[in-house]
């Protein structure tokens, strides 16, 4: 499996900006994962009609990518991120209905097709 570090045209940026759902570091993803042909988490091939579009992402170096993921892995990752966030967020401890990140993660779990 080729990674972005093996391909000089895909220099690995340090991260993704403004991602509502945390993704693996760009430098750890293959070109097929960055283009949405394979799941960003499990690297399995994706059926365009049955996968979750994670939205266009722009890496710190300006590289544009279009990640997608399988539904099962996406639900698991978003749920884990919601649990982790809720455990450490001061606003969630006071009133989680006022936390914008919690609201976005809950929306992602409900919507499922577009994050």
**OP:** For segment 66-82, name all the residues that are under 12 Å from residue 23 (Cα atoms) and either free of Cβ contacts under 8 Å to residues at least 12 places away in the same chain or not in a loop (DSSP other than H, G, I, E, B) (or both).
**Re:** 68, 69, 73, 74, 77, 78, 81
Original post:
Can you find even one residue in segment 66-84 that is on the phi < 0 side of the Ramachandran plot and modelled with pLDDT under 85?
Top reply: no
Subject >> Answer residue from segment 90-103, given it is surrounded by fewer than 15 Cβ atoms within 10 Å (Cβ to Cβ) and within 20 Å of the chain's Cα centre (by Cα) and is nearest to residue 54 (Cα to Cα) among those >> reply: 103
Original post:
Since residue 87 meets every condition but one in (1) loosely packed, with under 10 Cβ neighbours inside 10 Å; (2) in contact with a strand residue (DSSP E or B) (Cβ under 7 Å, 6 or more places away or on another chain), which condition does it not meet?
Top reply: (2)
Original post:
How many residues are part of a strand (DSSP E or B), modelled with pLDDT of 85 or more and touching a helix residue (DSSP H, G or I) at 6+ places or on another chain (Cβ under 9 Å) when one looks only at segment 1-55?
Top reply: 5
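The values are calculated or read from the model by the stated rules, or taken from the named source; none is laboratory data. The structure displayed is predicted, hence computed values, not measured ones. Because the Cβ atoms are built from the backbone with ideal geometry, glycine has one as well, and the counts that use them run over all protein chains shown.
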